[in-house]
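Okay, structure first, notes after.
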Amino acid sequence: MNRLHAQWQRLFLAPGLQPEDGQTPPLTDAQGRTRALLLELARPADWRALAGVWQAVQQELGLPAPAIAVSGSEGFQLWFALAEPVAPADGLAFLQALSQRYLPDVAPQRLRLQAGVLSDSPVAALPPQLQAQAGQWSAFVSPDLAPVFADTPWLDVAPGADGQADLLAGLHCLSTEDLRVAAARLAPLHLDSESTEPRAAAPADPGAAARQTPQAFLSEVMNDASVPLALRIEAAKALLAHSR
């Protein structure tokens, strides 16, 4: 196993999945679970918008930085590494909540949300990969170099495996608790009575949210019937973890 394969396995592959030379590693285990979540913005690629998500994930949600990649064709990607494999529906719910919060004005057809095999488009492979039709390469890139690829989100030649491994070596996985807390923070989204567009819920007292304890906030989310059921369940799990 080379250094890049070792980093793939550390970050993205479910237990028991082994990358092999010349083959694309599978992202879903025998139980249908995955450790790799993908958020891609394409047609056209827009690094400025996706950079906002990359920064918010760390600064607002307190999560480890996802890997940044160029797709090899028309987009930029964020790859989230999970410490434990999750069901595709759970991973997809997290990605949908992220896109609703931080990319609310982006047309749905420009987004690829992938959690294992549950996806609205063909499954993307871990970079670096040759895009056969275009003859271009996907690749992981550093945050400071991402803007360079704004007009051409690909490489014309294969990136070096050691360089790709170096980019991944500094990344960390999201724990199960990370996902629970992030889901609770992303949860308070409500629908306008005259629109299907989600909007953030605003407390009657602007200072109320700041005075809430984490337990009170999670309890409020859990008991709010207007919050999607999946996110209420995540809030309940997080509340249970806090009470131990």
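Taking max minus min of the alpha-carbon positions on each principal axis, segment 96-184 gives extents of 42, 31, 27 Å, largest first. For segment 57-101, what log10 I(q)/I(0) values come out of the Debye formula at q = 0.23, 0.24 1/Å, with one point per alpha carbon and no solvent? Reported log10 I(q)/I(0), two decimals: -1.03, -1.09. Extension gain for residue 134 to residue 73 (0.36 nm times residue separation, less C-alpha to C-alpha distance): 21.2 nm.
Taking 0.36 nm per residue of separation and subtracting the current Cα-Cα distance, fully stretching the chain between residue 100 and residue 3 would add 31.4 nm.
None of the figures in this text is laboratory data; all of them are computed from the coordinates on show. Not measured: the values here are computed from a predicted model.
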